[in-house]
Amino acid sequence: MNRFLVLFLLVAQLSWSQEFVGELKKFQGQELAFRHSASYGNFPNYQWTDQNGQSIDLYQELNKNKTIILSFFSVWNSSCVDKIFVLNHLHETYGALDKAKIISVESNTLQSLSNMGLNNGEEIPVNWGIKHSFVNLDGLDAFLSNNVTSTPSYIVISPDKSYTIISGIQSFTFTLTELNKAFLSSQNLPVLHDLDILQFVYYRCGDEYTFVGYIQNTGTNSINDFTIDINDAKGVSLYNHSSTTPINPNDLIEFTITLPISQFDSLPHLLELSTTAPYENILNNNRSLNKIDYIVNKKITIEIQTDKYPEETAWALFDQTDEKFLAIHGIDTSKNKITGIGQGNHLNQFTLDINHCYNFLILDKNKDGICCTNGNGYVKITETETGTVIRRFGIFDEAYRVNFQASDGYLSHEEIELNKAKTVLYTNYKNLLGQDISYPTKNSFYFEIKTYEDNSQSISKKWMK
């Protein structure tokens, strides 16, 4: 398989290795973004109840010197779906600092949702992956209807109760930039220079760590340099790299760093970003590193349920260890063009090589995923023999990737004997999705991760009775 196709299927991943050799992906062109502030009067107070039964009083939040970002959307509008990541990101960045309260508001009436086959919209937060507050108002009152004339629309309310309306934005990057600038202005912070870490995750394959990062310039001016530091839990730098590649406003840089595990004396924990640009917003310059790989048995089943437009969908399974494809569907490899797959349910079973690393990738040509605007499509990856669900999803924009490593789930006798002589520093537990858990639940599989005094680790798949 030619190298270009590999890059195409991996969404043009850029490689840093030891030196930065990638290129910037620039989102250029004019955006239709209407921003106007109501300089008269205050935003009225509302009391709502979110999806978790928590009461929200807008004025109580504002009186804590918080900024409130209201996102008004319609469940049938596919352009609203890919903005959820932006809102989750702002919630995890500024909400975690008690600087902002993010609230998504479904603008349809309950009857309209019922006519669409939705049960009062209760499933929306789960289906859309909403991590912040979500409310359904059973339609908008006169004041909100007068200010929200299309979806998605956003109202950013300052602590002094003045507000800014943002609407007409289509692209992911411009949405983040506009909301970020409105937030900074509401907090009386400079908006000239701002590098924002959207996401930074890593996974292990063999003797290497692979770090995948996305950084965007959400300020008004270009930034000519930046430095990243990967630190351990104690703040000790494990890896450092500087770049002098200019990043213009709204530019999004996507890159991959692959480094040998031997380079790390302890586990990666935090990414910090810095620049020499003056008055740069530092509130979004660090992010915890999340390990995103899953450990699976060697036999897996990949089930794909298409939406109403399967001609937009393509997917592939790539063996990262041997650098070969196990499956490619919906792509004309001679033209590197998405041709689509058949409509319906697709079941595919694979027998993987133990200790090999794999990438599953699904692409959508229309950039609206396979759920939930045009049908309830989904991808479900399960262990064939146990039926354990490793990952299930359907909401994404242009592409979604799942990384996992095949394992028999148990340590060899040699590894067990070797580890007996070591001192265990601490023991962690993860569920089969790779998520940290405080302790295994009954009648479930889990992973026990022991970290030893020499910073080595052992992972055992176990069953909690």
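Ligands, DNA and RNA excluded, the heavy atoms of Thr109 present near 50 Å² of accessible surface to a 1.4 Å solvent probe.
Peptide packing for 363-370, 380-387 was compared via the average number of neighbouring C-beta atoms within 10 Å per residue; ordered from the highest value, the list is 363-370, 380-387. If you average the alpha carbon positions of region 303-355 and of region 263-290, how far apart do those two centres end up, in angstrom? If we compute the Cα centre of each part, the gap is 35 Å. Residues whose amide H falls under 5 Å from that of Leu252, counting only those 5 or more places apart or on a different chain, are Lys25, Phe27, with hydrogens built in the peptide plane. Each principal axis of the Cα cloud of region 93-239 was taken in turn, and the coordinate range along them, longest first, works out to 55, 40, 27 Å. Each residue of region 307-321 was assigned a 3J(HN,Hα) from its phi angle through the Karplus curve 6.51 cos²θ - 1.76 cosθ + 1.60 (θ = phi - 60°); the sequence is 8, 6, 10, x, 5, 8, 9, 9, 8, 8, 10, 10, 7, 5, 5 Hz, with glycine and proline shown as x.
Residues Tyr309, Tyr400, ordered by accessible area of protein heavy atoms at a 1.4 angstrom probe radius and largest first, appear as Tyr309, Tyr400.
Given a 1.4 Å probe and the protein chains as shown, Leu198 ends up with an accessible area of around 10 Å². Seen from Thr306, the other residues with C-beta closer than 14 Å to its C-beta sum to a net charge of -3, counting Lys and Arg as +1 and Asp and Glu as -1. Under a 5 Å amide H cut-off, with hydrogens placed 1.01 Å from N, Ser133 pairs with Ile102, Ser104 among residues at least 5 apart or on other chains. Using a probe of 1.4 Å, the accessible surface attributed to Trp76 totals some 140 Å² when neighbouring protein chains are kept in position. If only the Cβ of Lys and Arg carry +1 and only the Cβ of Asp and Glu carry -1, the dipole of region 232-309 around its Cα centre is close to 320 debye. Element breakdown for region 116-244 at a 1.4 angstrom probe: carbon and sulfur atoms account for 46% of the accessible area.
For region 293-330, the list of GluC sites (Glu not before Pro) that fall in a loop by DSSP and count at most 11 other C-beta atoms within 10 angstrom reads Glu323.
Couplings for region 253-268, taken from phi via the Karplus curve 6.51 cos²θ - 1.76 cosθ + 1.60 with θ = phi - 60°, read 9, 10, 8, 10, 10, 10, 9, x, 4, 4, 6, 10, 7, 8, 6, x Hz in order; Gly and Pro are left as x.
When Tyr426, Tyr46, Tyr279 are compared by accessible surface with a 1.4 Å probe, the order from highest to lowest is Tyr279, Tyr426, Tyr46. Think of each Lys and Arg Cβ as +1 and each Asp and Glu Cβ as -1; about the Cα centre, that makes the dipole of region 318-410 roughly 380 debye. Checking the cross-link pairs Lys101/Lys380; Lys66/Lys367; Lys335/Lys367; Lys99/Lys181; Lys234/Lys450 against a 24 Å limit on the alpha carbon distance flags Lys101/Lys380; Lys66/Lys367 as lying beyond it.
The alpha carbon centroids of region 179-213 and region 95-156 are separated by 25 Å.
In debye, nearest 20, what is the charge dipole magnitude of region 129-256 about its Cα centre with +1 on Lys and Arg Cβ and -1 on Asp and Glu Cβ, if you could check?
Details: 5 positive and 13 negative charges, 47 e Å.
In debye, rounded to 20, region 129-256 gives about 220.
Applied to region 58-70, the Karplus parametrisation 6.51 cos²θ - 1.76 cosθ + 1.60 on θ = phi - 60° returns per-residue 3J(HN,Hα) values of 4, 5, 4, 5, 5, 5, 8, 6, 8, 9, 9, 10, 9 Hz, with x for Gly and Pro. Here Lys299 is the anchor, and the aspartates and glutamates within straight C-alpha reach of less than 15 Å, apart from those fewer than 8 places off in the same chain, are Asp319, Asp353, Glu383, Glu385, Asp408. Surface listing: Arg392, Arg287, Arg401 arranged by accessible area from highest to lowest gives Arg392, Arg401, Arg287, probe 1.4 Å.
The values are calculated or read from the model by the stated rules, or taken from the named source; none is laboratory data. This structure is a prediction, so every number in the text was calculated from the model and none was measured. Methodologically, a virtual Cβ is constructed for each residue, glycine included, from the backbone with ideal geometry; neighbour enumeration extends over all protein chains shown. We work out accessible area using only protein heavy atoms, side chains counted, and drop any ligands, DNA or RNA first. Shrake-Rupley method; radii C 1.70, N 1.55, O 1.52, S 1.80 Å.
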